[in-house]
Amino acid sequence: MGDQNGLFLSPHRTAEETIKRLQSLSDPQFARQSQRFFKEQLVLLGIPAPKLRREARSIYNKVKPYWTSAEALEFCHRLLPEPPVEIRSLAILVLSYYTPSLTKHHLPLIKSWLLANYVDNWALVDLLAPAIISPLVKKSPEIVEELYTWTKSPNLWLRRAALVALIPLVRQGNQLREAYHMVLRLLSDSEDLIHKAMGWLLREAGKKDVQRLENFLLAYGPRIPRTTVRYALERFPKKKRKKLLLATKGEKVSQPSK
């Protein structure tokens with residue numbers, strides 16, 4: 001690595017250039033349209049996700065010969081405190097290229113980002129958890145125990161991240177037991193964004209073992225938030241879905257077919 005290139009592509013300088021670049025791509029009209037997907041008022045530049053991913057790949061291709069995960073993390077430290085959602089999203093996207101060299105020892109750092117509200121909306125959580133946390137769980141399954149503790153945090157985003165981090169693993173047929181246990185720990189949660197994430201996780205688990213999902217819903221039905229049940233049943237045939245929606249409310253219906 002030449003010193004001149006290394007200096008030019010320093011994490012701090014690259015971050016500053018990235019901020020300017022993304023600001024130049026802003027689209028106020030698209031930003032206003034995007035705001036409707038969030039309850040909280042956010043700072044949005046109005047950059048579509050595909051364009052943001054292209055920018056992240058372009059940055060990675062430039063820095064790949066020079067950066068390790070240490071530089072990528074430094075890049076994140078500079079960008080994550082920035083208000084615009086797209087700037088923070090891009091930081092996570094660039095870091096995702098370095099997950100092969102991240103380890104379970106990075107989990108406390110990632111947790112600190114959530115607690116500091118650098119990741120403070122469902123879109124950022126749903127990017128960070130599958131792209132960064134999930135690969136760590138795949139490498140070191142024992143850190144699921146740490147994710148269990150997140151379910152009792154007062155921080156909404158930490159709780160949602162614990163659920164969403166398991167989704168890529170469940171899609172591969174892994175961590176099914178842990179997924180159901182995670183949902184059980186959050187059944188009494190009052191937040192709609194948690195109810196939706198639980199339903200999403202259960203729906204993915206059901207794709208791998210539909211009978212197990214049906215048994216779970218029937219066993220805990222009245223305790224499960226209705227939003228969660230509806231999300232979990234989205235892929236069921238209409239007739240079966242209707243029966244289970246009634247059965248999980250505790251109403252008497254004919255026994256669901258095996």
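The values are calculated or read from the model by the stated rules, or taken from the named source; none is laboratory data. Predicted model only: the values in this text are computed from it and were never measured. We place every Cβ from the backbone using ideal geometry, glycine too, and count neighbours over all the protein chains shown.
Report the residue count in region 226-251 for those that are in a loop (DSSP other than H, G, I, E, B) and either outside the structural domain of Arg203 (by TED's automatic domain parsing) or β-branched (Val, Ile, Thr) (or both). Break it down into steps so the answer makes sense when it comes.
Going residue by residue through region 226-251, those that are in a loop (DSSP other than H, G, I, E, B) are 233-237, 248-251.
Among the residues that remain, those that are also either outside the structural domain of Arg203 (by TED's automatic domain parsing) or β-branched (Val, Ile, Thr) (or both) are: 248.
Final tally of qualifying residues: 1.
Can you name every residue in region 61-83 that is within 18 Å of the chain's Cα centre (by Cα) and within 16 Å of Trp122 (Cα to Cα)?
Across region 61-83, the qualifying residue is only Leu80.
Looking for whichever is over 21 Å from Leu127 (Cβ atoms), part of a loop (DSSP other than H, G, I, E, B) and not basic (Lys, Arg) here; the options are Gly206, Gly221, Gly173. Which one fits? Spell out the reasoning first.
Values: Gly206 fails: part of a loop (DSSP other than H, G, I, E, B); Gly221 fails: part of a loop (DSSP other than H, G, I, E, B).
Residue meeting the stated conditions: Gly173.
Before we move on, is Pro83 within 23 Å of Ser24 (Cα to Cα), at pLDDT 95 or above and of a type outside the set (Lys, Arg)? Spell out the reasoning first.
Numbers: within 23 Å of Ser24 (Cα to Cα): yes; at pLDDT 95 or above: yes; of a type outside the set (Lys, Arg): yes.
For Pro83, the condition - within 23 Å of Ser24 (Cα to Cα), at pLDDT 95 or above and of a type outside the set (Lys, Arg) - is met.
Any residue at all in region 134-150 that's surrounded by fewer than 16 Cβ atoms within 10 Å (Cβ to Cβ), outside the structural domain of Ser58 (by TED's automatic domain parsing) and without any contact (Cβ under 8 Å) to a residue 12 or more places away in the chain?
Yes, region 134-150 has at least one match.
Among the residues of region 100-125, what is the count of those that are free of Cβ contacts under 8 Å to residues at least 40 places away in the same chain, buried (at least 19 other Cβ atoms within 10 Å of the Cβ) and assigned to a helix (DSSP H, G or I)?
4
All but one of (1) farther than 26 Å from Phe38 by Cα; (2) surrounded by 16 or more Cβ atoms within 10 Å (Cβ to Cβ); (3) at pLDDT 95 or above hold for Gly221; state the number of the condition that does not hold.
Evaluating Gly221 over (1) farther than 26 Å from Phe38 by Cα; (2) surrounded by 16 or more Cβ atoms within 10 Å (Cβ to Cβ); (3) at pLDDT 95 or above leaves (3) as the failure.
When the residues of region 156-187 are narrowed to those that are under 25 Å from Glu40 (Cβ atoms) and either without any contact (Cβ under 8 Å) to a residue 12 or more places away in the chain or of a type in the set (Val, Ile, Thr) (or both), which ends up surrounded by the most Cβ atoms within 10 Å (Cβ to Cβ)?
Val183
Closer than 21 Å to Asn155 by Cα, without any contact (Cβ under 8 Å) to a residue 40 or more places away in the chain and either surrounded by fewer than 19 Cβ atoms within 10 Å (Cβ to Cβ) or among the charged types (D, E, K, R) (or both): is that true of His195 in this structure? Walk me through how you get there before you give the answer.
Values: closer than 21 Å to Asn155 by Cα: yes; without any contact (Cβ under 8 Å) to a residue 40 or more places away in the chain: yes; either surrounded by fewer than 19 Cβ atoms within 10 Å (Cβ to Cβ) or among the charged types (D, E, K, R) (or both): no.
No, not satisfied.
If Arg21 meets every condition in (1) in contact (Cβ under 8 Å) with a residue 12 or more places away in the chain; (2) within 24 Å of Trp157 (Cα to Cα) apart from one, which number is that one?
Unmet condition: (2).
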